[in-house]
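Enquirer: Quick one: the structure is below, questions incoming.
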Amino acid sequence: MYIPKYFLLKDESFINEIIETYSFATLISQHNGVLYGTHMPLIWDASERVLYGHFSKKNEQWRDIEHQRVLVIFQGPHCYISSTWYETDRAVSTWNYVVVHLYGKVKRMTDQREIYKSLNQLTTKYEGKGSSNELSKIDSKYLEAMMKEIVPFKINVETVQAKAKLSQNHPKERQKKIIEKLEKSEDKNKQLISAFMKKNLMRDNRF
C-alpha cells in the first residue's frame, strides 16, 4: 500500500481498534490463477497476531488458499474533504480515511476445540453474551451439521500496514477548519474522521 510519511499509522492500539471495530474485512488471494476476494467477519488475536475466520464450503476460494500469502483489508471510516473549506483556492479536494492491511499465510483449522473457540468468539462478538444463538445453546446435531458446511481457517499475520490520511500534510489551522466543517455534519463517517483528526492534532500529528 502506498503510504506517504505523513500518513503512516504506527499507533498499535489504534490499529487494533480499527481492526476490531471494522472487522468485516476483505480477504484477497489467488484463486484459479486470478485475484479473488471474499468479504467476511474476522476475529483478531492481537497478542498472537492471528486472524480467525471461515469460508462457506460453497465458496471455492478456500480450495487453493492454504499456505498462500494473502491480503486482508480492514476499511475504517472515510469521507470527502472539499478544498472550498480551506483558506486558499490554491489547493485540491481530497479524501480522508483510515485503513489497515494485514498480510499473512492461511492455514486450515482441523482441531475441533480451536474451531469451536473461534466460532464462539465470533458469535459472542456480534450477538453479545446471553444470546439464544450462543453455541452452547444450539442443538448439538444442528451445530455439527452446520459446521460441515464451513471451512475454518486462521491467518498467521506477518506484515501490518496501516494508513491514517487525516490531512496531516496541511497546516494546523487548515486542519482545524476541516474539523469544524466535518463536525457540523450528521454523517457518521465525517464525525468519526473529525474525531480522529482532532485526536491526532492534539498529539501533534504523531498517530
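Coordinate-derived values only; no laboratory data. For clarity, every value in this text was computed on a predicted model and none was experimentally measured. As a convention, Cβ positions derive from the backbone with ideal geometry for all residues, glycine included, and neighbour counts pool all protein chains shown.
Enquirer: Based on the inverse mean of 1/r over its pairs of different Cα atoms, what is the Kirkwood hydrodynamic radius of the chain, in Å? Mind showing how you got there, number by number?
Expert: Working: mean 1/r = 0.0523 Å⁻¹.
After inverting the mean inverse Cα-Cα distance, the result is 19.1 Å.
Enquirer: Which loop trypsin sites (Lys or Arg not before Pro) in the stretch 78-132, with loop taken from DSSP, have no more than 15 other Cβ atoms within 10 angstrom of their Cβ?
Expert: Arg90, Lys129
Enquirer: Which whole-number percent is the relative contact order of the stretch 102-207 (Cα, under 8 Å, 6+ apart)?
Expert: Details: 74 pairs, mean separation 32.0, N = 106.
Rounded, it is 30 percent for the stretch 102-207.
Enquirer: Quick check on the chain: helices-only [θ] at 222 nm, where DSSP H runs of length 4 and up contribute -39,500 (n - 2.57) each and the sum goes over total residues. Nearest 500, please.
Expert: Numbers: 5 runs with 61 residues, N = 207.
Value at 222 nm, helices only, nearest 500: -9000 deg cm²/dmol.
Enquirer: Can you tell me the dipole magnitude for the chain around its Cα centre, using point charges on the Cβ only (Lys, Arg +1; Asp, Glu -1), in Debye to the nearest 20?
Expert: Details: 33 positive and 25 negative charges, 83 e Å.
With only Lys, Arg, Asp and Glu charged at Cβ, the dipole is about 400 debye.
Enquirer: For the residue pair Asp187 and Gln30, what label-to-label distance in nm results when each label sits 7 Å from Cα along the Cα-to-beta-carbon direction?
Expert: A separation of 3.9 nm, rounded to one decimal place.
Enquirer: Residue by residue through the stretch 141-155, which ³J(HN,Hα) values in whole Hz follow from phi under the Karplus form 6.51 cos²θ - 1.76 cosθ + 1.60 (θ = phi - 60°), with glycine and proline marked x?
Expert: Karplus values, whole Hz, x for Gly and Pro: 5, 5, 4, 4, 5, 5, 5, 6, 9, 10, 10, x, 8, 9, 10.
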